[in-house]
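S.K.: Here it is, the structure in full.
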Amino acid sequence: MLAHIVERGPRIAAPADAPDEVRRTGLLNIADADPVFYGRPTDVLDGDGFLVSRTTHPVTRKHIETMYARIRRHLPWAQQRGLRPHDMRHSSARLVYKASGGDEQMARLHLAHDAASSTDHYLAEQLEALAALKEELFGRDNLDPGAQGNPE
């Protein structure tokens, strides 16, 4: 997720005294409340190829539903397993929770939950089995075109 945000997330122009490489790409401009997933950004560059501004396009619910329809169409195992757009939310919550060393507050902030009971749904003990299943589902081997029909 971090690589995705770095590549497609909001950026601002770098100061004139910054190295050329930094001026070409600009500086990340991410706030805690910013979306996580973005479509391709629109960059405005000056005559020297330096970033002037970037317009980002957060991914919408409709985009995610369309993406999952394509996933199910091209990866038969995803349809067989009942893969849903909400599974991305579950997976991202687990990633944030694990990456933060089990910090429920971080997961709560990521999910934008005010009440602990909503977040507890994602972090319950039985989610270890669900996490293992999702690891199997989203593992690199399953993205290989030759493995589409057989995820095991």
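S.K.: Can you tell which of ASP17, ASP48 is modelled with pLDDT of 95 or more and farther than 24 Å from MET88 by Cβ?
M.R.: ASP17
Okay, residues lined up against (1) aliphatic (A, V, I, L, M); (2) assigned to a loop (DSSP other than H, G, I, E, B); (3) within 30 Å of ALA16 (Cα to Cα):
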{"site": "THR66", "(1), (2), (3)": "no, no, no"}
{"site": "ILE71", "(1), (2), (3)": "yes, no, no"}
{"site": "GLN80", "(1), (2), (3)": "no, no, no"}
{"site": "ARG84", "(1), (2), (3)": "no, yes, no"}
{"site": "ARG94", "(1), (2), (3)": "no, no, no"}
{"site": "TYR97", "(1), (2), (3)": "no, no, no"}
{"site": "GLY102", "(1), (2), (3)": "no, yes, no"}
{"site": "GLN105", "(1), (2), (3)": "no, no, no"}
{"site": "HIS110", "(1), (2), (3)": "no, no, no"}
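The values are calculated or read from the model by the stated rules, or taken from the named source; none is laboratory data. Every value quoted in this text rests on a predicted model; they were computed, and no experiment measured them. Cβ atoms come from the backbone with ideal geometry, glycine included; neighbour counts cover every protein chain shown.
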